[in-house]
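Inspection log for the structure reproduced underneath, given as C-alpha cells.
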Amino acid sequence: MSAVPNDGKALTVTVDGATFERIPIRTRVVMPADDLDAFIREYAADVVQPGDLLFVTEKIVAITQGRSYPIDSVQPRKLATFLSKYVTKTSYGIGLGMPETMEMALRECGTPRILFAAAVAAVTKAFGRKGDFYRIAGDKARAIDGPTSGTIPPYNKAVVLGPERPREVAAHLQQLLGGGFDVAVVDINDIGGNILGSTMDKAGEARLVRILRDNPLGQGHQSTPLGIVRPS
C-alpha cells in the first residue's frame, strides 16, 4: 500500500520529537447491514503491520451496530427544538444544532443531564468559557453526528449516534487481526477530537489526539474511515 495523504492533509507529523505517518485507508461506504469484522479484514488486514496503530472512525463502528437513524424517523419533541436553537453551529458539523440530533442526545444521555449541561453552559458562556455543555453531557452527546453538505449518502439524511462499548471494540479488532499493534476508535474532526476507546493507556491516547489533531482522514467525501499511524 502506498502512503498517500488525503487532499490538503500532510502525510507526516512530528509529536514529542517523533515523526509519524498517518496513512488513510480508502474503502467503500459502510452500510448498516455490513459486518464490522468482515469490513476490517477486507480493508485493513493486509495493510497493518507490527508496531502500527490502526484507528477507526467511531461512525463506521456505530453504523454497523445499528446506531444510524434516517432523519425522517426521528420525531423531535418541543424541548429538543428549543435547545437546538442555542447550539453553536460550525462549518465542520451540525452537532446538536438541529432538533433531530438534539432529540437523540436527550434519549441517549437523559433529559436531566442535557438540561443541566445546557444550564451550566448558558452561564459559563456569558463569561467567555466554552465547552462546558459537552464536558457535562459527555462523550455520548459529543459523538452524535448529523448530516452536513459534505456527508456521504445515505448519511446526508441520517443521524448517527456514538458507538457502544468502543474500548471493547478496539480490543476485539486487535485480536481479530492478530495483535502486534494498537487499535483506537476515534472521534476526530477539523476542530478537535477524542479517543472513545483503545488498547492503549491514557498517555498513549493523549499522544494519539495530538498526532491526529489536523484530522488526516478528512471531514467529507474522502471515504477513508480507517487509518494507520506508523512511526517513520
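The values are calculated or read from the model by the stated rules, or taken from the named source; none is laboratory data. Please read these numbers as outputs of a predicted model, since none were measured by experiment. All Cβ positions, even for glycine, are placed from backbone atoms using ideal geometry, and neighbour counts span all protein chains on display. Ligands, DNA and RNA are stripped out before the accessible areas are found, and what is left, the full protein with its side chains, is counted by its heavy atoms. Shrake-Rupley method; radii C 1.70, N 1.55, O 1.52, S 1.80 Å.
Kindly establish whether T88 is surrounded by fewer than 21 Cβ atoms within 10 Å (Cβ to Cβ) and farther than 30 Å from G179 by Cβ. Working first, answer last.
Details: surrounded by fewer than 21 Cβ atoms within 10 Å (Cβ to Cβ): yes; farther than 30 Å from G179 by Cβ: yes.
Judged against the criteria, T88 is a match.
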| field | Evaluation of V13 against (1) within 18 Å of the chain's Cα centre (by Cα); (2) more than 30 Å from A117 (Cα to Cα) (one fails), failing number | value | (1)
| message | For region 211-223, check the following and say yes or no: at least one residue is open to solvent by 50 Å² or more (accessible area, probe 1.4 Å), acidic (D, E), over 17 Å from the mean Cα position of the chain (by Cα) and farther than 30 Å from L115 by Cβ. | response | no
| said: Given the criterion open to solvent by 70 Å² or more (accessible area, probe 1.4 Å) and closer than 30 Å to R230 by Cβ, identify the matching residue among P50, P112, P153. | reply: P50
| query | Taking the stated definitions as given, is I228 touching a residue at least 40 places away in the same chain (Cβ under 8 Å), over 22 Å from E103 (Cα atoms), outside any loop (DSSP other than H, G, I, E, B) and open to solvent by less than 20 Å² (accessible area, probe 1.4 Å)? | reply | yes
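Listed here are the residues, each with its yes/no results for (1) buried (at least 16 other Cβ atoms within 10 Å of the Cβ); (2) in a strand (DSSP E or B).
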site	(1), (2)
A3	no, no
A10	no, no
T19	no, yes
P24	yes, yes
R41	no, no
L54	yes, yes
A62	yes, no
G66	no, no
A80	yes, no
| query | Does N189 count as on the phi > 0 side of the Ramachandran plot and under 14 Å from the mean Cα position of the chain (by Cα)? | reply | no
